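Student: My questions will all concern the structure given below.
The values are calculated or read from the model by the stated rules, or taken from the named source; none is laboratory data. Computed from a predicted model, the values in this text were never measured in an experiment. Glycine also receives a Cβ, built like all others from the backbone with ideal geometry; neighbour counts cover every protein chain displayed. Surface accessibility is based on the protein's heavy atoms, side chains included, excluding ligands, DNA and RNA. Shrake-Rupley method; radii C 1.70, N 1.55, O 1.52, S 1.80 Å.
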Amino acid sequence: MLGRRRDCACAGPQPQLTSRRLCGPPAMAVTETSLLRQCPLLLPQNREKTVYEGFISAQGRDFHLRILLPKDLQLKNARLLCSWQLRAVLDGYHQIVQQEVALKNKELCTPPPPPQFYSCLIEEIEILGWDKLVYVDTCFSTIKLKAEDASGREHLITLKLKAKYPAEAPDCFVDFPVPFSVSWTQQSSLISIHSQFLAALESLKAFWDVMDEIDEKTWVLEPEKPSRSATARRIALGNNVSVNIEVDPRHPTMLPECCFLGADHVVKPLGIKLSRNIHLWDPENSLFQNLKDVLEIDFPARAILEKSDFTMDCGICYAYQLDGAIPDQVCDNSQCGQPFHQICLYEWLRGLLTSRQSFNIIFGECPYCSKPITLKMSGRKP
């Protein structure tokens, strides 16, 4: 039983329903297929296929539903008869559902590409080599190709083809640290894109060589799983001390931007060494070797030490990672050296009556040793 039925002007349930959208093109067969695919428990009740009745699931419950379609089968003009319980679930989502239906109808009413579109793509893939193809969707609108750089690293390029391909250039997505733009003409093809992709890989080979050496020979604290586009690394130098480097992908062996993180009595000597030995930096050497020479240190060896040997949990929340961030604030007291997340220390100091703030710097006491501690906010409050 539907209970007390009420007409509802919306064309379908809210986005989190199992049956997400009740929409389709005007053609009867396609509309019926679309409804049955997305809502298998809604079945036609007449030969004209203008009345559907059945059940949909929403928020873990099943609701009885009846759909009345107009003669032109346009779902945007459909009427929905439902119980007051489903009406309550849909309350406040009418505008959202109508917008989604309009967008979906616009997408589905776009005419498919001509047959030449598909035959052209098949021919181009055959010339390029099927071994280069990683993925293609059923509509041939999304294609993923792979290539290896000179060091044997595999890279992917995702192409979003448009209906006017090859008259219109596809959108290209790559995991690069620099922008990648494709030169496109009426004569261009997948082969030309792949060639430009290979050329870009060759130009970035030195950068990835540098970053791979850092990842292999040091303990990288952040990011834990760096992407090929990541240009920064936070490298452990010892217990609660690290350096964050920002590498220029165009000039990867040049001196990177360096920011030392840790207690003042530990990081100040490192800053002095960097300034004093900067003339020793040799672009012909690797970035890893230059960092060792200039800072006069040996990085913690991965073969000897574990990551836990020089990482500590936040002294306030007792977690290492908090929303993807690791503790980067350290008490300057050499007898303490307890690390904290910036957001944790900020909230702690803000709650103390003895703390004071001057512009973006907060002065207070360490939660562990009660010695003075200073927190400099990075641009904005956490």
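Student: Restricting region 139-152 to residues that are outside any strand (DSSP E or B) and out of contact with any Lys or Arg (no Cβ under 8 Å at 6 or more places or on another chain), which is surrounded by the fewest Cβ atoms within 10 Å (Cβ to Cβ)?
Tutor: So the residue we want is Gly152.
Student: Shifting gears a bit: In region 255-264, what count of residues is obtained for those that are assigned to a loop (DSSP other than H, G, I, E, B) and free of Cβ contacts under 8 Å to residues at least 40 places away in the same chain?
Tutor: First, pick out the residues of region 255-264 that are assigned to a loop (DSSP other than H, G, I, E, B): 255-256, 262-263.
Now drop any that are not free of Cβ contacts under 8 Å to residues at least 40 places away in the same chain, which leaves 255-256.
Summing the residues that are assigned to a loop (DSSP other than H, G, I, E, B) and free of Cβ contacts under 8 Å to residues at least 40 places away in the same chain in region 255-264 gives 2.
Student: Taking region 156-170 as the region of interest, how many residues are part of a strand (DSSP E or B) and open to solvent by 40 Å² or more (accessible area, probe 1.4 Å)?
Tutor: At the first step, the residues of region 156-170 found to be part of a strand (DSSP E or B) are 156-160.
Add one more test, that the residue is open to solvent by 40 Å² or more (accessible area, probe 1.4 Å), and what stays is 156, 160.
Residues in region 156-170 being part of a strand (DSSP E or B) and open to solvent by 40 Å² or more (accessible area, probe 1.4 Å): 2 in total.
Student: State the number of residues belonging to region 171-190 that are touching a residue at least 60 places away in the same chain (Cβ under 8 Å), assigned to a loop (DSSP other than H, G, I, E, B) and among the aliphatic types (A, V, I, L, M).
Tutor: 1
Student: For Ser188, only one of the following conditions fails: (1) open to solvent by 50 Å² or more (accessible area, probe 1.4 Å); (2) within 19 Å of Ile143 (Cβ to Cβ); (3) of a type in the set (Gly, Ala, Ser). What is its number?
Tutor: (1)
Student: Can you work out which of the residues in region 207-219 that are within 25 Å of the chain's Cα centre (by Cα) and open to solvent by 20 Å² or more (accessible area, probe 1.4 Å) is farthest from Asp328 (Cα to Cα)? Lay out the reasoning, then the answer.
Tutor: Pass one, region 207-219, residues within 25 Å of the chain's Cα centre (by Cα): 207-216, 219.
With open to solvent by 20 Å² or more (accessible area, probe 1.4 Å) added as a condition, the list becomes 209, 212-213, 215-216, 219.
Numbers: Asp209: 28, Asp212: 24, Glu213: 24, Asp215: 20, Glu216: 23, Trp219: 16 Å.
Filtering region 207-219 for residues that are within 25 Å of the chain's Cα centre (by Cα) and open to solvent by 20 Å² or more (accessible area, probe 1.4 Å), the one farthest from Asp328 (Cα to Cα) comes out as Asp209.
Student: Let me confirm something: among Ala150, Ala163, Ala169, which residue is at pLDDT 90 or above and more than 23 Å from Ala230 (Cα to Cα)?
Tutor: Answer to the check: Ala169.
Here's the yes/no breakdown for (1) of a type in the set (S, T, N, Q); (2) surrounded by fewer than 17 Cβ atoms within 10 Å (Cβ to Cβ); (3) part of a helix (DSSP H, G or I); (4) in contact (Cβ under 8 Å) with a residue 12 or more places away in the chain:
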| position | (1), (2), (3), (4) |
| --- | --- |
| Ala236 | no, no, no, yes |
| Thr253 | yes, no, no, yes |
| Val266 | no, no, yes, yes |
| Pro269 | no, yes, yes, no |
| Leu291 | no, no, yes, yes |
| Tyr320 | no, no, no, no |
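Student: Right, next: Checking the conditions here, which among Glu154, Glu168, Glu126 is free of Cβ contacts under 8 Å to residues at least 12 places away in the same chain and closer than 30 Å to Asp212 by Cβ?
Tutor: Glu154
Student: Please indicate, with yes or no, whether at least one residue in region 54-68 is within 30 Å of Leu161 (Cβ to Cβ), surrounded by 16 or more Cβ atoms within 10 Å (Cβ to Cβ) and modelled with pLDDT under 80.
Tutor: Filtering region 54-68 down to residues within 30 Å of Leu161 (Cβ to Cβ) leaves none.
Within region 54-68, none of the residues are within 30 Å of Leu161 (Cβ to Cβ), surrounded by 16 or more Cβ atoms within 10 Å (Cβ to Cβ) and modelled with pLDDT under 80.
Student: Looking at Arg276 and the list (1) among the basic types (Lys, Arg); (2) touching a helix residue (DSSP H, G or I) at 6+ places or on another chain (Cβ under 7 Å); (3) more than 30 Å from Leu156 (Cβ to Cβ), which single condition is not satisfied?
Tutor: Here Arg276 clears every test but (2).
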